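Presented below is the structure to which this report refers.
The values are calculated or read from the model by the stated rules, or taken from the named source; none is laboratory data. Quick caveat: nothing in here was measured; it's all calculated off a predicted structure. So basically every Cβ, Gly included, is an ideal-geometry build from the backbone, and we count neighbours across all protein chains shown. Ligands, DNA and RNA are excluded from the accessible area calculation, which covers all protein heavy atoms including side chains. Shrake-Rupley method; radii C 1.70, N 1.55, O 1.52, S 1.80 Å.
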Amino acid sequence: MDRIVINGGHSLSGKVATGGSKNAALPLLFASLLANGTHRFNNVPKLMDIDSTAILLEHLDCTMHREGDQVTVETRTCAEPFAPYDIVRKMRASILCLGPLLARYGEARVSLPGGCAIGTRPINLHVEALGQLGAEMEVEGGYVHAWANHGLTGNTIVFENATVGGTENLLLAATLARGTTILENAAKEPEIVDLADYLRAMGARIEGDGSSVIHIEGVDQLQPAEHTVIPDRIEAGTLLLAGAISGGDVTVTQCVPGHLDALLKRLSDCGFELETGPDWMRIMPRSEWGAVDISTEPYPGFPTDLQAQFMALMTLAQGTSVITERIFENRFMHVQELARMGANITPKTQVAIVRGDSGALSGAPVMATDLRASASLVLAGLAAENETVVNRIYHLDRGYERLEEKLKTLGAQIERRSESEHPVS
Ligand code: EPU
């Protein structure tokens, strides 16, 4: 199993480009289930979660082919709309095949994803909302079996919580439902807008995406189209935070700074000087920064997917920061690992109190059980004295494409090693 070894304490500098968004690419790939033919996607990141999606799509009689960052999905009529446990358990976003399969074939059997390191992450809101489009459901043997013998019918759905995946599943299903669907309290994330853009290119009639009310007028049929995936706002934010925590001067290119307003505002509150252009952002060097509080919220609030990385920055701030996690109930696994590097953090149920002025971080062997927690440990390692070894980096590889190579181009002393090259500490 690979690990990342970092020799910390070096300021980063230079330019680094953002790749395509993982969380936008996944629903887009599932959208290809809605129409036979060749779907073309550009700027698709090379990640384990994308490979897992390819395996599931192939199981559903599609063929996915990659050339560089271009991916084509050749969709054929699916013989059996069935997503097995072995594939779904590796990637929760597999549940996004439920909506399109049900809309297209009037039936689907999809494994329930089960628990997850960051929280229970139920799919009740997806299932209830599909039920409101007329689907009948049964949960048996760990699978949700859904069917709609006379097709799906539009309805008004009011989500109890704004759910990103639930909104995506319903968008995917409602495009082929009879009549009008209105999604209220819909998620507003940029990834939702990207999905709606592709569905419109396929012939769907959708309005209001990016706001909390989305109108979908069902159509009889969709056609494959071509689309460029939006830049990954979480990768861009992570790279900017790598600049911040190392006291460096880093410009992140090929990104949409407008997708990161909440992060940019907090960094500026800490005292960092920032510059932004239409598709780039730059953080200027600082040797000291202030502590600020953050509370994660649905978009456009502070993203839960940057909470762990921001916490790493706060471990070295001047003063005390209160970090509140409002999206997931168990997203503080990085706290104990950061503590092993000398951070002073008191975790409460969904709040962590980070006391910044407790001295430097020191390198240590660490590991995390979630993607963003792993990224926070890499950031801490960049600022820590001596060597940090981040173990179990397959979590990192699920969501970041060659993070260590990107950081290396900025001057980080970082490398990936296989187990044989570095004994388990
Ligand atoms: N929720 C329910 N019932 C549901 C659906 C969600 O109770 O049926 C709860 C969840 O348990 C959570 C909250 O609602 O407490 C929000 O969950 P949401 O459905 O919005 O999240 P998701 O679709 O499962 C996506 C991203 C996550 C990101 C969240 C929040 C993808 C593939 N995943 O998850 O990304 O944290 O939205 O922005 O898009 C990551 O990339 O590291 C990651 C975890």
Dipole magnitude of the chain about its Cα centre (Cβ charges: Lys, Arg +1; Asp, Glu -1), debye to nearest 20: 480
Ranked order, W280, W147, W289 - accessible area, probe 1.4 Å, largest first: W280, W147, W289
Long-range HN-HN contacts of I230 with modeled amide H, under 5 Å: S21
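Just to be sure I understand: of the beta bridges DSSP finds with both ends in segment 22-220, what percent are antiparallel, rounded to 5?
Roughly 80 percent of the beta bridges in segment 22-220 run antiparallel, per DSSP.
Explain nothing, just the number: relative contact order of segment 325-425, from Cα pairs under 8 Å at least 6 residues apart, as a whole percent.
Dividing the mean separation by the residue count of segment 325-425 yields 21 percent.
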Sites matching trypsin sites (Lys or Arg not before Pro) across segment 58-142 that sit in DSSP coil, with at most 11 neighbouring C-beta atoms within 10 Å: R76
Count of Lys pairs (Cα-Cα under 23 Å; at least 8 positions apart or interchain) in the chain: 13
Coarse-grained scattering of the chain at q = 0.10, 0.11 Å⁻¹, given as base-10 log I(q)/I(0) from a Debye sum over alpha-carbon atoms: -0.68, -0.82
Extension gain, E217 back to Q70 (0.36 nm per residue minus Cα-Cα distance, nm): 49.9 nm
Gain in span if fully extended, R402 to A117, counting 0.36 nm per residue against the direct Cα distance: 100.3 nm
Mean separation of Cα contacts under 8 Å (6+ apart) over length of the chain, as relative contact order %: 21
Surface per residue (accessible, 1.4 Å probe) for segment 22-220, Å²: 38
Cut-off 16 Å, label 7 Å out along Cα→Cβ of V322, residues of segment 296-311 by amide N: 296-297
Computed [θ] at 222 nm, deg cm²/dmol, the chain (DSSP H ≥ 4; -39,500 (n - 2.57); rounded to nearest 500): -9000 deg cm²/dmol
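Could you tell me which of rounded, prolate or oblate describes segment 237-324, using a ≥ b ≥ c as the square roots of the eigenvalues of the alpha-carbon gyration tensor, with rounded for a/c under 1.5 and, failing that, prolate when a/b is larger than b/c and oblate otherwise?
oblate
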Among 152-161, 397-406, 31-40, the order from most to least packed when residues are scored by Cβ within 10 Å on average: 31-40, 397-406, 152-161
Point-to-point label distance, T349-T409, nm (Cα→Cβ direction, 7 Å offset): 4.5
Shape category assigned to segment 22-220 from the gyration tensor of Cα positions, a/c cut at 1.5: rounded
Apportionment of accessible area to carbon and sulfur, segment 22-220, percent (1.4 Å): 46
